[in-house]
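Since the structure comes first, as structure tokens, the remarks are kept for the end.
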Amino acid sequence: MPAVQETIDQVRLIDVDQYKYGFETVIESDTAPKGLTEDTIRMISAKKNEPDWMLEWRLDAFKRWLTMEEPTWARVDYPKIDFQDIHYYSAPKSSAGPKSIDDVDPELLRVYEKLGIPLREQEILAGVEKSKIAVDAVFDSVSVVTTFKKELAQAGVIFMSISEAMREHPELVQKYLGTVVPITDNYYATLNAAVFTDGSFVYVPKGVRCPMELSTYFRINEKNTGQFERTLIIAEEGAYVSYLEGCTAPQRDENQLHAAVVELIAMDDAEIKYSTVQNWYPGDKNGKGGIYNFVTKRGDCRGDRSKISWTQVETGSAITWKYPSCILRGDDSRGEFYSIAVSNGYQQIDSGTKMIHLGKNTSSRIISKGISAGHSSNTYRGQVSAHRKAVNARNFTQCDSLLIGNQCGAHTVPYIEAKNSTAQFEHEATTSKISEDQLFYCLARGIPEEEAIALIVNGFVREVIQELPMEFAVEAQKLIGISLEGSVG
Amino acid sequence: MDMQTKPPRTAAEQAIQDSFAEMIGQLPGDAAVMVARDKLLSAIDDAGLPTRRIESWHYTDLRSLLRGVPSKPSGRAGRVDPLVWGSVVLPVVQGRSTDLTAPEGMRLTPFSKVLQSGEAARLLTERGSDDLIGQLNGAFVGDGYSFTVAADASMDKIIEIQSVQSGGQVHSRFQAAFEAGAKATVIERYLGDAAETGLSTSISTLELADGAEVTWIILQGRGGNDQHLAQLSARLGENSTLKVYVINAGGKLTRQELHVDVAGEGSHFDLRCVNLLAGDSHTDVTLTLGHSVPNTTSREIVRNVVLGRARGVFQGQIKVAQLAQKTDAQMSCNTLLLSDDGEFSAKPELEIFADDVICGHGATVIDIDHSHLFYLMARGITEKSARGLLVNGFVDELIDEIDNEVLVEALETLVEQWLADHG
């Protein structure tokens, strides 16, 4: 009977813990023993052939980290992390500097195929020339392969793993690393400074418009590993770059720690667009396992008329704790933050942004859409502040929350601080549930409830989706649908 | 290794302990009350004055803001005319209440008598470890009033609690119970002496039984050197209505907390708050509003005018419990920041656990709209008057909502006077 089969399909669909990216890949890897001591840091630094100043920098961070306390102010709840029970280094064995894509472990390539990431250049070339994306893939905190390097180099753009950059462009790394997120910025950023293993480095020289989208895929594979990557993007005067970031991890019972740091620097007239689709493993339907995503992301609009735009779609992770921020230092600079945060099951999200207005005539815009379902908790926490000298600072903030079911929570905690009479701040927040009328309208047209909800939710988040590059927008829409499965009933 | 070294007491922290030793002999209460006082005092000593690390005090760092704790009331103070002629005045002069005969429909006792009644110890508690006002007031409270408006009584006359202080420290408490169907308008009015330096704490506790309708107006007009820490907590019964108006127009350091539990189905809460801030004052209004049952509504509007080097804070938290379906809660906070040296920080918070709700908040910070100013000046109005008119319009809008015309006029005069003095 078809009806029965339909019911079975329906029930299968409703299963919360169906995580598309939940496979594990068996690849020989080179893993450091568990635990964190000075020796671990020396080992990481040695493995990566780092210059001495880098090791000193790391050790300094480690010493400071030992004196710091874990922050507890966020609205998230988790058992205390045992920082000695984590592998701080894990690298796929065969990846010691692949010369070309053919040197990459075929097993690894299959992983990326499963992830739907077009690593192979020919695949991309088969497509439309314009939609080219250069990819840097980071596997268990080690950058595996960066595509399109040659073409980018012709334009003068440097796009490589940060450990490569440390060897090839030490002056750039030394000049900018830690200037946006200082070593002691917060507990997790300090830990990252001590143990980060890789990440991406982008440098766009003066007046260059990066010819293609840059993209990094992060994947945690190895058991009990923490992933600590560090991304540094510098856009010189008049430069433009759009950078995409995607994250996945296999299904595991234990919680895994991800503590990344991202630093963006935009000089005069430069623009950086940073988009994230974060889909780390969120844990199963009982809240077991999943990634702890404790990330520090900050952009510095250092030059006049510079612009930094953050767009994020957060559907994964057991716990998300991140506040991509903009320091609007240059006159006439602009910061933007567009966010969709979807929580289901037992996920906990405490995310938002900070817009710090320091220069004259700076403006910022925040659009945040939170959707909570299941037993999840979803908090928007954001700060907008205008310094005394930030003449004509402008901000517009809109935070909307949507609740699906009565077991979840949606919270909004904005901090609005004006120290200047010419500042104009507007903040608006609403919380509501899916409109019965809209749902009824869809159901009456024969659209199943789950699909109807996904449709309505996609309408709710449309403003943010529009900010994503096209390839990501499609993926993000699908992800939101998947994340909300099981939220009905 | 877990030992944490406690920072040394600040001058104010030390003065609190010293004052207690000095005043303990004169503080009213039975043995149980004294035990409760002791407990609260040591809670202050253990935690120290709150700093910005304590989330509920994020913008009001008392450890640095609370300067000096004066010992005893020093200056001279006396009753003044009520705001509205014919009101029932409950005077608290230099912290002392008067044993008055209650008007019809009301039962009234000075709080000092309540403290000796043998049942008061349970009233001297803290709301949480960050409740400095509860701790300080509980440890030191000397007098105030406890009154009950009888069931279905409709008080025609306004009840004016009049706290007049001239320097020194005063700690009072007002317990108000409104029985089922009771109707009343109460003014809680604070006056100070610009020539003296005073510290005051006050706690007002409002209990609204089913169907009660209460308008409660807080007028804070302490002197320019005074420090005023106040707390209002209210609980609403079924189908009751509470309208709270707060006008802050004085004091050097003011913290007004409002903790409201909309706990009866069909009940409604309104807050209209006007903060007139000038000089180098620091004024903090902190609201926590809980919707704990289905079908309740609330509307909060806060308007701030900031002049000089004044700093203002509004923290407003709306909490909707899982049970509280069909809650409709809206909050807005609008600030006119008229000085480059002034500051305003707002933290409107929503914490929502029920899905079938409509909740929202809005916050704006702006300067006077120049096109409005231009419009008025083009009609021959001087810039100063034009500004005055616009600011007046901005705050009078809230006061106009009160349905007692005489009272509206009295409050508008108060606002005009303030603008004339500071604008």
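The values are calculated or read from the model by the stated rules, or taken from the named source; none is laboratory data. Computed from a predicted model, the values in this text were never measured in an experiment. Virtual Cβ from ideal backbone geometry, glycine too; neighbours counted across all protein chains shown. Note: accessible area is taken over every heavy atom of the protein model, side chains too, but ligands, DNA and RNA are not part of it. Shrake-Rupley method; radii C 1.70, N 1.55, O 1.52, S 1.80 Å.
Only one of (1) buried (at least 21 other Cβ atoms within 10 Å of the Cβ); (2) at the interface with chain B (Cβ under 7 Å from one of its Cβ atoms) fails for residue A:453. Which number is that?
(2)
Determine which member of the set B:281, B:233, B:298 is surrounded by fewer than 22 Cβ atoms within 10 Å (Cβ to Cβ), within 23 Å of residue B:133 (Cβ to Cβ) and touching a residue at least 12 places away in the same chain (Cβ under 8 Å). Lay out the reasoning, then the answer.
Values: B:281 fails: surrounded by fewer than 22 Cβ atoms within 10 Å (Cβ to Cβ); B:298 fails: surrounded by fewer than 22 Cβ atoms within 10 Å (Cβ to Cβ).
None of the other options fit; the residue is B:233.
Which one is surrounded by the most Cβ atoms within 10 Å (Cβ to Cβ), of the residues in segment A:54-70 that are among the basic types (Lys, Arg) and farther than 19 Å from residue A:163 by Cβ?
A:64
Identify, please: which residue in segment B:324-345 is facing another protein chain (nearest Cβ under 8 Å) and in contact (Cβ under 8 Å) with a residue 40 or more places away in the chain and is, among those, most open to solvent (accessible area, probe 1.4 Å)?
Residue satisfying both the conditions and the ranking: B:338.
Just a yes or no: is a residue in segment B:36-46 open to solvent by 50 Å² or more (accessible area, probe 1.4 Å) and either in contact with a Pro (Cβ under 7 Å, 6 or more places away or on another chain) or hydrophobic (A, V, I, L, M, F, W, C) (or both)? Before the answer, list the steps.
Within segment B:36-46, the subset open to solvent by 50 Å² or more (accessible area, probe 1.4 Å) is B:38-39, B:42, B:46.
When the remaining residues are screened for being either in contact with a Pro (Cβ under 7 Å, 6 or more places away or on another chain) or hydrophobic (A, V, I, L, M, F, W, C) (or both), the result is none.
The answer is no, given that none of the residues of segment B:36-46 is open to solvent by 50 Å² or more (accessible area, probe 1.4 Å) and either in contact with a Pro (Cβ under 7 Å, 6 or more places away or on another chain) or hydrophobic (A, V, I, L, M, F, W, C) (or both).
Return the total of residues in segment B:389-423 being in contact with a helix residue (DSSP H, G or I) (Cβ under 9 Å, 6 or more places away or on another chain), more than 14 Å from residue B:246 (Cα to Cα) and of a type in the set (A, V, I, L, M, F, W, C).
5
Please determine, by comparing only the residues of segment B:88-111 that are of a type in the set (Gly, Ala, Ser) and under 21 Å from the mean Cα position of the chain (by Cα), which one is modelled with the lowest pLDDT. Working first, answer last.
Pass one, segment B:88-111, residues of a type in the set (Gly, Ala, Ser): B:95, B:97, B:102, B:105.
Imposing the further condition that a residue be under 21 Å from the mean Cα position of the chain (by Cα) reduces the set to B:95, B:97.
Details: B:95: 91, B:97: 94.
It comes out as B:95.
Has segment B:363-372 got at least one residue that is without any contact (Cβ under 8 Å) to a residue 60 or more places away in the chain, within 27 Å of residue A:429 (Cβ to Cβ) and touching a Pro at 6+ places or on another chain (Cβ under 8 Å)?
Taking every residue of segment B:363-372 in turn, at least one turns out to be without any contact (Cβ under 8 Å) to a residue 60 or more places away in the chain, within 27 Å of residue A:429 (Cβ to Cβ) and touching a Pro at 6+ places or on another chain (Cβ under 8 Å).
Rundown of residues vs (1) surrounded by fewer than 20 Cβ atoms within 10 Å (Cβ to Cβ); (2) touching a helix residue (DSSP H, G or I) at 6+ places or on another chain (Cβ under 7 Å); (3) not in a loop (DSSP other than H, G, I, E, B), yes/no style:
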{"position": "B:171", "(1), (2), (3)": "no, yes, yes"}
{"position": "B:185", "(1), (2), (3)": "no, no, yes"}
{"position": "B:189", "(1), (2), (3)": "no, no, yes"}
{"position": "B:195", "(1), (2), (3)": "yes, no, no"}
{"position": "B:206", "(1), (2), (3)": "no, no, yes"}
{"position": "B:224", "(1), (2), (3)": "yes, no, no"}
{"position": "B:229", "(1), (2), (3)": "no, yes, yes"}
{"position": "B:238", "(1), (2), (3)": "yes, no, no"}
{"position": "B:260", "(1), (2), (3)": "no, no, yes"}
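Only one of B:79, B:53, B:96, B:9 is within 14 Å of chain A (Cβ to nearest Cβ) and open to solvent by 80 Å² or more (accessible area, probe 1.4 Å); which? Quick ask: steps written out before the conclusion?
Numbers: B:79 fails: within 14 Å of chain A (Cβ to nearest Cβ); B:96 fails: within 14 Å of chain A (Cβ to nearest Cβ); B:9 fails: within 14 Å of chain A (Cβ to nearest Cβ).
Every option except B:53 fails the conditions.
Every residue in segment A:161-189 that is open to solvent by less than 40 Å² (accessible area, probe 1.4 Å) and hydroxyl-bearing (Ser, Thr, Tyr), please.
A:161, A:163, A:176, A:187, A:188
When residue B:406 is evaluated against the numbered criteria (1) within 14 Å of chain A (Cβ to nearest Cβ); (2) open to solvent by 40 Å² or more (accessible area, probe 1.4 Å); (3) of a type in the set (A, V, I, L, M), which criterion, by number, is the only one it fails?
The single condition residue B:406 does not satisfy is (1).
Consider segment A:369-400. How many of its residues are more than 10 Å from chain B (Cβ to nearest Cβ), farther than 21 Å from residue A:345 by Cβ and open to solvent by less than 30 Å² (accessible area, probe 1.4 Å)?
Total meeting the criteria: 2.
Could you say whether any residue in segment A:71-85 is over 30 Å from residue A:372 (Cα atoms), at pLDDT below 85 and in contact with a Gly (Cβ under 7 Å, 6 or more places away or on another chain)?
Yes, some residue in segment A:71-85 is over 30 Å from residue A:372 (Cα atoms), at pLDDT below 85 and in contact with a Gly (Cβ under 7 Å, 6 or more places away or on another chain).
Go through segment A:165-215 and count every residue that is part of a loop (DSSP other than H, G, I, E, B) and touching a residue at least 12 places away in the same chain (Cβ under 8 Å).
Pass one, segment A:165-215, residues part of a loop (DSSP other than H, G, I, E, B): A:169, A:177-186, A:196-197, A:199, A:205-208, A:210-212.
After this cut, where a residue has to be touching a residue at least 12 places away in the same chain (Cβ under 8 Å) as well, the list is A:169, A:177-181, A:183-186, A:196-197, A:199, A:205-208, A:210-212.
Here the count works out to 20.
Considering only segment B:352-401, state which residues are small (Gly, Ala, Ser) and either in a loop (DSSP other than H, G, I, E, B) or surrounded by 16 or more Cβ atoms within 10 Å (Cβ to Cβ) (or both). Full working, then the answer.
At the first step, the residues of segment B:352-401 found to be small (Gly, Ala, Ser) are B:354, B:360, B:362-363, B:371, B:378, B:380, B:385-386, B:388, B:393.
Scanning segment B:352-401 gives B:354, B:360, B:362, B:363, B:380, B:386, B:388.
Take the conditions within 24 Å of residue A:420 (Cβ to Cβ) and either more than 21 Å from the chain's Cα centre (by Cα) or at the interface with chain A (Cβ under 9 Å from one of its Cβ atoms) (or both) and apply them to residue B:390. Does it pass?
Values: within 24 Å of residue A:420 (Cβ to Cβ): yes; either more than 21 Å from the chain's Cα centre (by Cα) or at the interface with chain A (Cβ under 9 Å from one of its Cβ atoms) (or both): yes.
Taking the combined requirement at face value, the residue satisfies it.
Before we move on, is residue B:302 under 22 Å from residue B:205 (Cα atoms) and touching a His at 6+ places or on another chain (Cβ under 7 Å)?
On the way: under 22 Å from residue B:205 (Cα atoms): yes; touching a His at 6+ places or on another chain (Cβ under 7 Å): no.
No: the conditions fail for residue B:302.
Counting just the residues of segment A:406-436 that are over 24 Å from residue A:352 (Cβ atoms) and more than 7 Å from chain B (Cβ to nearest Cβ), which one comes out nearest to the chain's Cα centre (by Cα)?
A:435
In this structure, does residue A:327 turn out to be surrounded by fewer than 24 Cβ atoms within 10 Å (Cβ to Cβ), out of contact with any Pro (no Cβ under 9 Å at 6 or more places or on another chain) and among the β-branched types (Val, Ile, Thr)? Please lay out each step first, then the result.
Values: surrounded by fewer than 24 Cβ atoms within 10 Å (Cβ to Cβ): yes; out of contact with any Pro (no Cβ under 9 Å at 6 or more places or on another chain): yes; among the β-branched types (Val, Ile, Thr): yes.
In short, yes.
Give segment A:458-467 a look and list any residue that's in contact (Cβ under 8 Å) with a residue 40 or more places away in the chain and in contact with a helix residue (DSSP H, G or I) (Cβ under 6 Å, 6 or more places away or on another chain), or say none.
We begin by selecting, within segment A:458-467, every residue in contact (Cβ under 8 Å) with a residue 40 or more places away in the chain; these are A:460-461, A:463-465, A:467.
Matches in segment A:458-467: A:465 only.
Please give the number of the condition residue B:376 fails out of (1) in contact with a Leu (Cβ under 6 Å, 6 or more places away or on another chain); (2) over 29 Å from residue A:389 (Cβ atoms).
If we test residue B:376 against (1) in contact with a Leu (Cβ under 6 Å, 6 or more places away or on another chain); (2) over 29 Å from residue A:389 (Cβ atoms), just (1) comes out false.
Any idea which of A:439, A:403 is facing chain B (nearest Cβ under 8 Å) and outside any loop (DSSP other than H, G, I, E, B)? Steps first, answer last, please.
On the way: A:439 fails: facing chain B (nearest Cβ under 8 Å).
On inspection, the qualifying residue turns out to be A:403.
Mind checking which residues of segment A:285-323 are touching a residue at least 40 places away in the same chain (Cβ under 8 Å), closer than 20 Å to residue A:334 by Cα and assigned to a loop (DSSP other than H, G, I, E, B)?
A:303, A:304, A:306, A:323
Can you tell me how many residues in segment B:92-124 are touching a helix residue (DSSP H, G or I) at 6+ places or on another chain (Cβ under 6 Å) and over 16 Å from residue B:201 (Cβ atoms)?
First pass over segment B:92-124, keeping only residues touching a helix residue (DSSP H, G or I) at 6+ places or on another chain (Cβ under 6 Å): B:115, B:120-121, B:124.
Those still in the list that are over 16 Å from residue B:201 (Cβ atoms) too: B:120-121.
Residues meeting the conditions: 2.
Inside segment B:136-169, can you point out the residues that are in contact with an Asp or Glu (Cβ under 6 Å, 6 or more places away or on another chain) and open to solvent by less than 10 Å² (accessible area, probe 1.4 Å)?
First, pick out the residues of segment B:136-169 that are in contact with an Asp or Glu (Cβ under 6 Å, 6 or more places away or on another chain): B:150-151, B:161, B:166-167.
Correct list: B:161, B:166, B:167.
I need every pair where a residue in segment B:171-198 that is at pLDDT below 95 has its Cβ under 6 Å from the Cβ of a residue that is among the charged types (D, E, K, R), sequence separation at least 6 or different chains.
From residues that are at pLDDT below 95, the pairs are B:192/B:222; B:192/B:226; B:198/B:226.
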